[in-house]
């Protein structure tokens, strides 16, 4: 009669951390998140430590939290972690007003953002593990391309001949059109 359990948001070799109300716009935060995507977790922490942007220290805290979650909650090896995903979203926007000339007011928007960082453990051979969703999407695409290749083999010979005839017909019509115009010009004179 109770509520169903929530499904796991991360895989067996992944860990996640999230910050919900970061005081910056999503566009500015995404510039910092973009610098760490795909990097090793240790190198990404060092890069964020020496980044000049104000929000980079908050991003570093979220990444450190994701690494700690991977180690303590999921039992993953910290040395083999990399930043698999780092995505940004909008949250609340504070609206403020500022007085302007002639008794008017201007609206000031102060946006907040949300950051989610997912770290994943590399495979034993050192390669990045492919996400399960992407692998599932690629398999049907290969089957579809094999089917289209089989169907396209027979009509290919026919379609190659047909455009050649049309091109020859177009060339003759374009040659005739200037001849008619010159004849019309001679009659006008």
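Some notes on this structure:
- Of all residues in region 26-56, those that are more than 16 Å from residue 66 (Cβ to Cβ) and assigned to a loop (DSSP other than H, G, I, E, B) total 6.
- Evaluation of residue 43 against (1) under 14 Å from residue 86 (Cβ atoms); (2) in contact (Cβ under 8 Å) with a residue 12 or more places away in the chain (one fails), failing number: (2)
- Selection count where residues are touching a strand residue (DSSP E or B) at 6+ places or on another chain (Cβ under 8 Å), part of a loop (DSSP other than H, G, I, E, B) and under 26 Å from residue 38 (Cβ atoms), scope region 75-119: 2
- Residues (in contact with a helix residue (DSSP H, G or I) (Cβ under 8 Å, 6 or more places away or on another chain), crowded, with 16+ Cβ neighbours inside 10 Å and within 24 Å of residue 90 (Cβ to Cβ)) located in region 36-58: 36, 44, 48, 51, 55, 56
- Checking residue 72 against (1) touching a strand residue (DSSP E or B) at 6+ places or on another chain (Cβ under 8 Å); (2) modelled with pLDDT under 95, the condition it does not meet: (1)
The values are calculated or read from the model by the stated rules, or taken from the named source; none is laboratory data. Since this is a predicted model, take the numbers as computed values, not measurements. Here the Cβ is made from the backbone with ideal geometry for all residues, glycine too, and neighbour counts use every protein chain on show.
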